[in-house]
């Protein structure tokens with residue numbers, strides 16, 4: 001049970017931080033640099049896949065890919081134009097644990113999906129039986145597990161799927177200065193799952209919203225149910241609230 005004081009605090013922070021200023025320095029910035037919905041969806045998925053480690057390290061890597069695509073990431077991936085720069089046998093490091101060959105594998109699988117379904121959104125639409133976010137996550141992880149993920153997409157939803165949950169937030173939530181809402185008619189935002197990075201876990205434990213610091217899917221769903229007490233129609237708005245709490249309550 002969340003206290004009324006905590007609910008009020010979280011709502012205040014969500015309102016204060018879910019603004020256009022939030023985009024600066026955030027991986028969501030990349031999807032706001034292109035206009036076509038297919039380009040936005042594509043670079044958002046690529047950006048989410050690479051958003052691990054420190055921002056000063058991964059943000060330039062994502063920007064490099066957007067520059068390679070010349071601002072048209074959908075065409076770049078679907079038509080396999082990345083093959084001009086990457087190859088399956090290049091084992092040089094691209095970013096941290098990912099070799100160029102890993103990136104090539106991930107982009108090749110993504111290209112296959114786009115050729116078959118037209119977009120990731122249409123793939124999800126055709127793969128789920130209900131507008132539940134967990135079904136969408138299961139469909140995406142299963143496709144890349146079967147065709148090659150390059151270590152950039154979880155193989156299942158046993159993990160917290162933090163980056164995929166973040167990507168789903170971007171795609172599903174509408175009427176937001178940050179999130180795009182491109183999939184608002186595919187997945188119900190009430191079913192979205194909180195992205196469980198270490199920052200979110202730390203603030204959740206400090207606030208008493210979680211008793212365990214485990215970054216698991218079960219804990220992510222537990223936190224989401226708690227956030228639904230604060231934001232009944234839009235539980236992952238709590239992502240902005242916890243960000244704001246962290247900014248204002250640094251130790």
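What follows draws every value from the coordinates through simple rules; no lab data is involved. Note that the structure is predicted; figures quoted are calculated from it, not measured. Every residue, glycine among them, receives a Cβ derived from its backbone with ideal geometry; neighbour counts consider all protein chains shown.
Let's test the formula: R0 of 45 Å, r as the Cβ-Cβ distance of residue 16 and residue 91. What FRET efficiency results, to the nearest 0.05?
Computed FRET efficiency for residue 16 and residue 91 comes out at 0.50.
Stick to the Cα atoms of the chain, pair each with every other, and give me the Kirkwood hydrodynamic radius in Å at one decimal.
Hydrodynamic radius (Kirkwood, Cα only) of the chain equals 18.5 Å.
Given 0.36 nm per residue, what is the gain on full extension from residue 215 to residue 7 after removing their alpha carbon distance, in nm?
That works out to 72.6 nm of additional length.
Suppose R0 equals 30 Å; then what is the FRET efficiency for residue 249 and residue 64 from their Cβ-Cβ distance, rounded to the nearest 0.05?
Once the sixth-power term is evaluated, E becomes 0.30.
Once the Cα atoms of helix 133-147 and of the chain are each reduced to a long axis, what angle between those two axes, in degrees from 0 to 90 to the nearest 10, is obtained?
Tilt relative to the chain: about 30 degrees.
Determine, from the Cβ-Cβ distance of residue 202 and residue 147 and an R0 of 51 Å, the FRET efficiency 1/(1 + (r/R0)^6), rounded to the nearest 0.05. Let's see the in-between values first.
Numbers: r = 35 Å, r/R0 = 0.69.
Efficiency computed from Cβ-Cβ geometry: 0.90.
With axes computed from alpha carbons, what is the tilt in degrees of helix 238-248 against the longest principal axis of the chain, rounded to the nearest 10 within 0 to 90?
The angle comes out near 70 degrees.
As a check on your grasp of the helix formula, calculate [θ] at 222 nm for the chain: sum -39500 (n - 2.57) over DSSP H runs of n ≥ 4, divide by the residue count, round to the nearest 500. Working shown, then result.
Numbers: 11 runs with 134 residues, N = 251.
Value at 222 nm, helices only: -16500 deg cm²/dmol.
Using the 10 angstrom Cβ neighbour count as an exposure proxy, how do 189, 96, 222, 11 rank, fewest first?
Listed from fewest to most nearby Cβ atoms, that is 96, 11, 222, 189.
For residue 84 paired with residue 57, estimate the spin-label separation in nm (one decimal), with each label point 7 Å from Cα along the Cα-to-Cβ line.
Each label point is offset 7 Å from its Cα along the Cβ direction, giving 3.0 nm.
Order these by the 10 Å Cβ neighbour count, fewest first: 158, 122.
158, 122
Hey, what did region 168-251 get for relative contact order, percent, Cα under 8 Å, at least 6 apart?
Relative contact order here is 25 percent.
At a 10 Å Cβ-Cβ cut-off, how would you order 174, 234, fewest neighbours first?
Listed from fewest to most nearby Cβ atoms, that is 174, 234.
Mind pulling the angle between the C-alpha long axis of helix 55-68 and the longest principal axis of the chain? Nearest 10 degrees, somewhere in 0 to 90.
40 degrees
In the P(r) worked out for region 1-59, what percent of Cα pairs fall beyond 13 Å?
That fraction is 68 percent.
Could you sort 21-27, 238-244 so that the peptide with the highest average Cβ count within 10 Å comes first and the rest follow in order?
Packing order, densest peptide first, comes out as 238-244, 21-27.
How far is the Cα center of region 171-238 from the Cα center of region 51-67, in Å?
Comparing the Cα centres of region 171-238 and region 51-67, I get a distance of 24 Å.
How many nm separate the modelled label positions at residue 122 and residue 188, each set 7 Å beyond the Cα in the direction of the Cβ?
If labels sit at residue 122 and residue 188, their model points lie 2.6 nm apart.
Pull out a ≥ b ≥ c, the square roots of the eigenvalues of the alpha-carbon gyration tensor of region 108-246, then state rounded if a/c is under 1.5, prolate if not and a/b is larger than b/c, and oblate in the remaining case. Could you put the intermediate results ahead of the total?
On the way: a/c = 2.16, a/b = 1.54, b/c = 1.40.
In terms of gyration-tensor shape, prolate.
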